[in-house]
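Data block below; observations after.
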Amino acid sequence: MIVFPAIDLRQGRCVRLRQGQLDAEILYSDDPVSVARCWASRGAEWLHVVNLDGAFELESPNLHVAGQIGAAVDIPVQFGGGLRALTDIEQALGLGMARVILGTVALRAPQVVAQAVERFGDERIVVSIDSREGRVAVRGWREKSEISALALAHSMRARGVRRIVFTDITRDGMLTGINVEATRQLADETGLRVIASGGVASLEDIRALLEIEPYGVEGVIVGQALYTGAISLPDAMALARRP
């Protein structure tokens, strides 16, 4: 299982939000590139970088910063936030991102996802499914739809997607534990490869996800628990690599 350290960008800084709320921001660093180098030096195999301003449709230097991160480390970066057109996706990939994560566009314009998969390949396109009480939320989690996470996942698979990031919004940034059952259900019922996110608090969450790895759970995104020291990245990776 892959452990993805999260780097959330807001106005060029590394922050964390609680449940996606802009007024619940915690600043961790004014230098996200140094943060990326730190995680890489501690053995990270991938980085998960999110443009929060893009998700909230705000102007910012975050895309440029993401490019700097990609150039500064020798590990692949997956990048998302505000990518809603083929030109956005092409620009992000052109900056050296190994793959991009599409969120709002998957619900609002699913044909764009299908076109992206056809053009760039299913290994470079990931869909983020963010769920609040079982329903998909979009536009920086501000809008809750009537579409279930499971229904959207099936729709995305039909359009050629092979990998999703699944986040339980109510747990994100709260250190309350991962939603293991919802993650298992998505992987089991859709056949998609799933990267779990939201609420990782301790190594016990990674142990729980390892139990459902056979269903297709291939990774876990860890944010606040790493920044607070609740989880050590080397310890998390050692656990995740155990046979």
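Values in this text are rule-based calculations from the coordinates and carry no lab data. Everything numeric here is computed off the predicted structure, so don't read it as measured data. As a convention, Cβ positions derive from the backbone with ideal geometry for all residues, glycine included, and neighbour counts pool all protein chains shown.
Remind me, relative contact order of the chain in percent, using alpha carbon pairs under 8 angstrom and six or more residues apart?
Details: 536 pairs, mean separation 47.0, N = 243.
Worked out over the chain, it gives 19 percent.
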- Taking Rh as the Kirkwood radius computed over C-alpha pairs, what is the Stokes-Einstein D of segment 127-243 at 25 °C in a medium of viscosity 0.890 mPa s, expressed in µm² per second? 172 µm²/s
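Quick check on the exposure proxy: order 14, 38 from fewest to most C-beta atoms within 10 angstrom.
Numbers: 14 24, 38 16.
Lowest to highest Cβ neighbour count: 38, 14.
Taking Rh as the Kirkwood radius computed over C-alpha pairs, what is the Stokes-Einstein D of the chain at 37 °C in a medium of viscosity 0.692 mPa s, expressed in µm² per second? It would help to have the intermediate numbers written out before the result.
Working: Rh = 17.4 Å.
Rounded to a whole number, D works out at 188 µm²/s.
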- Is the shape of segment 1-98 rounded, prolate or oblate, going by the alpha carbon gyration tensor and its root eigenvalues a ≥ b ≥ c, with a/c under 1.5 for rounded and a/b larger than b/c for prolate? oblate
- Message: Quick check on the chain: of the DSSP beta bridges with both residues there, what percent are antiparallel, nearest 5%?
- Response: 30 percent
- Query: Could you state the number of Å between the C-alpha centres of segment 28-87 and segment 175-216?
  - Reply: 23 Å
- Task: Treat the count of other C-beta atoms within 10 Å as a stand-in for reagent exposure and order 120, 4, 79 from fewest to most.
- Result: 120, 4, 79
- Task: Kindly work out what percent of the DSSP beta bridges joining two residues of segment 130-243 are antiparallel, to the nearest 5.
- Result: 35 percent
- Tell me what the chain gives for mean residue ellipticity at 222 nm when only DSSP H runs of n ≥ 4 count, each as -39,500 (n - 2.57), the sum divided by the residue total, rounded to 500 deg cm²/dmol. -10500 deg cm²/dmol
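Find me the longest stretch of the chain that has none of the exposed GluC sites (Glu not before Pro), where exposed means in a DSSP loop (not H, G, I, E or B) with at most 13 other Cβ atoms within 10 Å. Before the final figure, lay out the partial values.
Working: sites that count: 57, 59, 123, 133.
Between the exposed loop sites, the longest stretch runs 134-243.
Quote the relative contact order of segment 79-134 in percent (integer), defining contacts as alpha-carbon pairs under 8 Å separated by 6+ residues.
Numbers: 64 pairs, mean separation 19.8, N = 56.
Answer for segment 79-134 is 35 percent.
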